[in-house]
Amino acid sequence: MAASVAKKNLFFQLQCHIRYTWTVVLLLVLLPVLLQGQEPEETCKSDSDEGCGCAATSRDKAASYSKPAEGEGGAATSNSDKKSSETEGGSATTATRTNQMVFVRGGEFTMGTDAVRFPQDGEGPARRVRVDSFYADVYEVSNAEFEIFVKDAGFVTEAEKFQDSFVLENIISEQVKREITQAVAGAPWWLPVPGADWRHPEGPDSDISSRMDHPVVHVSWNDAVAYCTWAGKRLPTEAEWEYASRGGLENRLYPWGNNPMPKGEHRMNIWQGKFPEENTEEDGYYSTAPVTSYKPNKFGLYNTAGNVWEWVSDWLSVRHTKELQVNPKGPASSATNDKVKKGGSYMCHEDYCYRYRNAARSQNTPDSSASNLGFRCFADKLPQGVGEVKVVEL
């Protein structure tokens with residue numbers, strides 16, 4: 001009798017052990033599948049964590065300047081120093097045109113995120129949004145393309161009218177830096193540089209002659225609207241921009257997936273090293289990169305993550321409904337007089353300004369400009385004379 005009971009107990013223990021083992025195996029096998037496609041949870045940082053301070057470069061909000069400390073900021077790895085042999089200006093006639101557009105079929109997607117990194121930016125909640133079909137610029141607007149507009153329309157940017165713009169201290173020459181007595185309070189690496197504009201990105205001793213294929217910078221929201229109107233295009237809504245950037249992928253951090261460097265390959269131009277002291281340029285660039293750099297996403301768009309911030313049409317709101325929205329255009333106005341910008345820039349890094357994610361966003365006033373702020377255009381129909389790129393998925 002005792003032997004029979006012992007045998008039954010042993011059999012019961014064996015059954016439990018087998019069930020436990022299979023449960024562990026199934027969890028190990030199924031858990032990655034269940035989690036696949038989910039945007040990784042991010043640790044929320046405090047409202048005071050403003051990262052690169054890009055939002056502080058708004059003209060009507062950066063009035064509280066402070067004098068730069070002696071030797072403050074990074075090493076003088078300046079674009080104007082590196083390009084001292086350049087001649088003034090450039091020639092759009094010798095540059096390859098990059099004004100092509102791609103057709104993006106509309107659809108429904110998850111906008112924003114529940115894995116919020118910067119609550120104060122209004123990244124969340126994740127919400128369903130439907131957009132109509134549209135055309136999108138394959139590339140960010142380049143210096144060459146902007147020059148064609150300026151020459152044809154006789155356009156003068158707001159930075160040129162204000163006679164200054166905000167520039168990252170590291171890329172300014174020592175000569176220009178010596179003349180500057182102010183910096184943005186709370187973000188002293190941002191300096192208001194007299195004479196900085198789209199033709200002179202780092203100040204009056206710099207030019208764009210060897211950077212005609214780089215994105216135009218120091219353009220305000222108003223400047224971007226003027227260019228898009230001239231080109232028969234328009235600025236995208238934030239929903240359209242994010243839909244296009246995601247490239248048909250649901251709940252992904254970046255335009256290509258969740259891995260910032262798939263197979264060890266750089267896919268975007270962001271900051272490497274300790275900001276703002278050192279950029280190791282592992283992705284190949286210290287500041288802006290050509291608009292044709294890196295691989296496009298599945299919709300055929302280049303550089304929607306990093307390189308330069310891109311203006312969208314929406315006024316800023318940090319409150320969003322979770323109800324399905326169809327072709328949302330944002331609020332009618334903004335309490336802070338801010339327009340939304342998307343995509344992050346070459347100044348972004350995961351440790352302090354993790355805003356090159358699809359769901360991330362920031363803001364500036366419509367008249368603001370900076371050395372990391374550009375745009376691309378969208379359109380409801382293909383403008384006359386603009387080439388259409390057919391996307392072939394690899």
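Scan the stretch 322-360 for residues that are among the polar types (S, T, N, Q) and closer than 12 Å to residue 122 by Cβ and the total you get is 2.
From the list 223, 197, the lone residue that is touching a residue at least 24 places away in the same chain (Cβ under 8 Å), charged (D, E, K, R), open to solvent by less than 10 Å² (accessible area, probe 1.4 Å) and not in a strand (DSSP E or B) is 223. Out of curiosity, is residue 297 part of a loop (DSSP other than H, G, I, E, B), within 13 Å of the chain's Cα centre (by Cα), of a type outside the set (Asp, Glu) and within 24 Å of residue 98 (Cα to Cα)? Answer is no for this residue. With respect to the conditions (1) surrounded by 21 or more Cβ atoms within 10 Å (Cβ to Cβ); (2) under 24 Å from the mean Cα position of the chain (by Cα); (3) not in a strand (DSSP E or B), residue 206 falls short on a single one, namely (2). Of all residues in the stretch 315-340, those that are farther than 25 Å from residue 380 by Cα and of a type in the set (A, V, I, L, M) have Cβ atoms under 7 Å from Cβ atoms of residues that are in a loop (DSSP other than H, G, I, E, B) and modelled with pLDDT under 95, 6 or more apart or on another chain, in 318/122. Taking the criterion of being surrounded by fewer than 24 Cβ atoms within 10 Å (Cβ to Cβ) and within 30 Å of residue 297 (Cβ to Cβ), the residues of the stretch 140-163 that qualify are 147, 148, 149, 150, 157. In the stretch 324-381, the residue that is farthest from residue 310 (Cα to Cα) out of those that are among the aliphatic types (A, V, I, L, M) and either outside any loop (DSSP other than H, G, I, E, B) or open to solvent by 10 Å² or more (accessible area, probe 1.4 Å) (or both) is 324. Checking 331, 296, 290 one by one, the residue that is closer than 23 Å to residue 250 by Cα and not polar (S, T, N, Q) is 296 and no other. Among the residues of the stretch 165-221, those identified as among the aliphatic types (A, V, I, L, M) and within 20 Å of residue 155 (Cβ to Cβ) are 196, 208, 212, 216, 217, 219.
Do we have residue 213 as open to solvent by less than 40 Å² (accessible area, probe 1.4 Å), assigned to a loop (DSSP other than H, G, I, E, B) and more than 18 Å from residue 368 (Cβ to Cβ) here? No; evaluated as a whole, the condition is false for this residue.
Taking the stretch 300-321 as the range and being among the small types (Gly, Ala, Ser) and either in a loop (DSSP other than H, G, I, E, B) or crowded, with 24+ Cβ neighbours inside 10 Å (or both) as the test, the residues that pass are 300, 305, 306, 317.
Residues to consider are 277, 250; find the one that is open to solvent by 20 Å² or more (accessible area, probe 1.4 Å), farther than 18 Å from residue 354 by Cβ, assigned to a loop (DSSP other than H, G, I, E, B) and at pLDDT below 95. Testing whether each residue is open to solvent by 20 Å² or more (accessible area, probe 1.4 Å), farther than 18 Å from residue 354 by Cβ, assigned to a loop (DSSP other than H, G, I, E, B) and at pLDDT below 95 leaves just 277.
The values are calculated or read from the model by the stated rules, or taken from the named source; none is laboratory data. Remember, predicted model here, so these are calculated numbers, not experimental data. For neighbour counting, all protein chains shown are included, and Cβ atoms are generated from backbone atoms with ideal geometry for every residue, glycine included. Only protein heavy atoms, including side chains, enter the accessible area calculation; ligands, DNA and RNA are left aside. Shrake-Rupley method; radii C 1.70, N 1.55, O 1.52, S 1.80 Å.
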